[in-house]
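Enquirer: Pasting a structure below so you can have a look.
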Amino acid sequence: MLTEARRNNDFSAGDDFVSKVGTITSENPRMTARGVDVHYGNKHAINNVSLDVGENEVLAMIGPSGCGKSTFLRCLNRMNDTIDICQVSGEIKLGEQDIYDKDLDVVPLRSQVGMVFQKPNPFPKSIYDNIAYGPRIHGLVSSKSELDELVETSLRRAGLWEEVKDDLDKPGTGLSGGQQQRLCIARTIAVSPEVILMDEPCSALDPIATAKIEELIDELRENYTIAIVTHSMQQAARVSQRTAYFHLGKLIEVGNTDDIFTNPKHQLTEDYITGRFG
């Protein structure tokens, strides 16, 4: 059983808060969030969350439905800007750049911090054009041969090239669900992001497709920083190096994934992991 001190739910700002949730910092952070609050109108969805996403690491965010993990993820590339009643405060940086600087252009930000959604959403275009679209509009290539090479490289990195190399002119929407999700990942990495955000990328996939995506996530970590929201604790344990547990809009605990799952320091974390609620 946990001690009363470890059961303590009372979180406050500053160093005391940091010490209670665990190690929010990463040895080599690519993104940093400090004191982030999110309101949807009168609803306080995220409460004073501070957390790093380390370079070449997979950070998993877990917790019950409605706990704020997807809301926090969407803060990292300002996707919440699309919601009129959403207000975000605090500080979030990509490297040294404050991503909420009023003068920042969010279009290049969202190419630097790409997003893979819960449901695969390929464009109603050919497989080739799904990958080529981003590099074209961002001016990343200067010739057809460069574009061809980039399309192939992106599909290879997403583990999809061998399956589609003879069908590049066919619609991306004609692929299976798992292939569509890998196509969306290839589309994301085609614009050379620094960070990839994944919001439950396997929730609509069967176990075989899920296993392929998880293998891909492990391979992508060599070149990218990844933050993933997942309802599957087994998935978090398999793919991540650090895990953050959210509850009712608060970051309850964060640490090395093995430690979170084998020796949680907070009673709420232990209750969730052992299935007492969630």
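The values are calculated or read from the model by the stated rules, or taken from the named source; none is laboratory data. Keep in mind that what you see is a predicted model, and the values were worked out from it rather than measured. Note: ideal-geometry Cβ built from the backbone for every residue, glycine included; neighbour counts use all protein chains shown. Accessible surface is based on the protein model in full, side chains and every heavy atom, while ligands, DNA and RNA are left aside. Shrake-Rupley method; radii C 1.70, N 1.55, O 1.52, S 1.80 Å.
Enquirer: Could you tell me which of the residues Arg156, Arg187 is among the basic types (Lys, Arg) and surrounded by 20 or more Cβ atoms within 10 Å (Cβ to Cβ)?
Expert: Arg187
Enquirer: OK, next. Can you pull out the residues in the stretch 110-131 that are open to solvent by 60 Å² or more (accessible area, probe 1.4 Å) and either farther than 30 Å from Gly54 by Cβ or not charged (D, E, K, R) (or both)?
Expert: Applying the first criterion (open to solvent by 60 Å² or more (accessible area, probe 1.4 Å)) to the stretch 110-131 yields 110, 112, 117-119, 121, 123-125.
Once the filter is applied, which keeps residues that are open to solvent by 60 Å² or more (accessible area, probe 1.4 Å) and either farther than 30 Å from Gly54 by Cβ or not charged (D, E, K, R) (or both), the stretch 110-131 yields Gln112, Phe117, Gln118, Asn121, Phe123, Pro124, Lys125.
Enquirer: Follow-up. Mind checking which residues of the stretch 202-231 are outside any helix (DSSP H, G or I) and open to solvent by 40 Å² or more (accessible area, probe 1.4 Å)?
Expert: Across the stretch 202-231, the qualifying residues are Ser203, Ala204, Asp206, Arg221, Glu222, Asn223, His231.
Enquirer: A further question on this structure: Can you find a residue that is touching a strand residue (DSSP E or B) at 6+ places or on another chain (Cβ under 9 Å) and on the phi > 0 side of the Ramachandran plot anywhere in the stretch 199-218?
Expert: Checking the stretch 199-218: at least one residue is touching a strand residue (DSSP E or B) at 6+ places or on another chain (Cβ under 9 Å) and on the phi > 0 side of the Ramachandran plot.
Enquirer: So how many residues does the stretch 159-176 have that are modelled with pLDDT of 95 or more and either of a type in the set (Lys, Arg) or open to solvent by less than 70 Å² (accessible area, probe 1.4 Å) (or both)?
Expert: 11
Enquirer: Enumerate the pairs (first residue in the stretch 128-156 and in a helix (DSSP H, G or I); second residue anywhere and among the polar types (S, T, N, Q)) with beta-carbon separation below 6 Å, excluding pairs fewer than 6 apart on the same chain, so at least 6 apart or on different chains.
Expert: Partner pairs satisfying both residue conditions: Ile131/Ser154.
Enquirer: Scan the stretch 28-55 for residues that are surrounded by fewer than 17 Cβ atoms within 10 Å (Cβ to Cβ), assigned to a strand (DSSP E or B) and without any contact (Cβ under 8 Å) to a residue 60 or more places away in the chain and jot them down.
Expert: Of everything in the stretch 28-55, those that are surrounded by fewer than 17 Cβ atoms within 10 Å (Cβ to Cβ), assigned to a strand (DSSP E or B) and without any contact (Cβ under 8 Å) to a residue 60 or more places away in the chain turn out to be Arg34, Gly35, Asp37, His39, Tyr40, Lys43.
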